[in-house]
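Quick notes on the structure that follows.
Only the coordinates and a few stated rules stand behind these numbers; no lab work does. Keep in mind the model is a prediction, meaning the values are calculated, not measured. Glycine gets a Cβ as well: all are built from the backbone with ideal geometry, and neighbour counts include every protein chain shown.
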Amino acid sequence: MNKNITIAATVLRLMLGWYMLVDGVQILMTPGWTAAGFLSGAQTFPSFYAWFATAGNSWWVDPLNSWGITLVGVALIVGVGIRPAAWAGAALMILYYFPHYTFPIVPHGYIVEEHIINAAAFILIAFLPQAKVFGFGRLVREHTFLGRIPVVRSLI
């Protein structure tokens, strides 16, 4: 395994994890936070996002969003469940991309902006086996009951 790729993948994984963890914790610590304002103002796919913003859905959308962001960050920093966390991070970035812009026009270009770049970085982490070298995933796989369950072992 190439040492430089391993170091770069680990640093990228930790940076993405920190980015998500800090954002998630800030949301969790904000009393009364809701995603409804963000979702109801969607410019692309407005009816899709408006459905998530309804009062009947905010009871599950808000905690799923805030805890999802936080747990993606924790998983990437700790190094357990890196692949599912990276795919979840990529999915969140794609979901966050569309509401702000009238697709495909974005403020600093055409189609590509920070959410797309972050999604690409998450996907890279999901595909790079080197991203799993440093972290507690190997310990969990080799020394816990969870590591003996084939489906769970492949996710850790």
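Tabulated values for the structure
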{"item": "Sites Phe103 and Ser40, calculated FRET efficiency, Cβ-Cβ separation with R0 22 Å, nearest 0.05", "result": "0.80"}
{"item": "Relative contact order computed over the chain (Cα-Cα under 8 Å; 6+ residues apart), in percent", "result": "29"}
{"item": "Distance (nanometres) between label positions extended 7 Å along Cα→Cβ at Trp18 and Ala55", "result": "4.2"}
{"item": "Whole-Hz ³J(HN,Hα) from phi, Karplus 6.51 cos²θ - 1.76 cosθ + 1.60, for the stretch 2-19, glycine and proline x", "result": "6, 4, 5, 5, 4, 5, 5, 5, 5, 5, 4, 4, 5, 5, 5, x, 4, 4"}
{"item": "Summed side-chain charge close to Leu124 - residues other than Leu124 whose Cβ falls under 14 Å, Lys, Arg +1, Asp, Glu -1", "result": "+3"}
{"item": "The stretch 3-155: Rg to Rh, with Rh as the Kirkwood radius over Cα pairs", "result": "1.02"}
{"item": "Gain in span if fully extended, Gln26 to Ala8, counting 0.36 nm per residue against the direct Cα distance", "result": "3.8 nm"}
{"item": "Within a Gaussian network of the chain (alpha carbon springs, distance under 10 Å), most fluctuating of Gly135, Gly41, Gly32", "result": "Gly32"}
{"item": "Tilt relative to the chain, helix 82-100 - C-alpha long axis, 0 to 90 degrees, to 10", "result": "20"}
{"item": "Calculated from backbone phi, Karplus (6.51, -1.76, 1.60) coupling profile of the stretch 58-67 in Hz, x at Gly/Pro", "result": "5, 4, 10, 5, 4, x, 4, 5, 5, 6"}
{"item": "Prolate/oblate/rounded call for the stretch 26-111, Cα gyration tensor, a/c under 1.5 rounded", "result": "oblate"}
{"item": "Under 5 Å, built H, 5+ apart or other chain: amide partners of Val106", "result": "Ile111"}
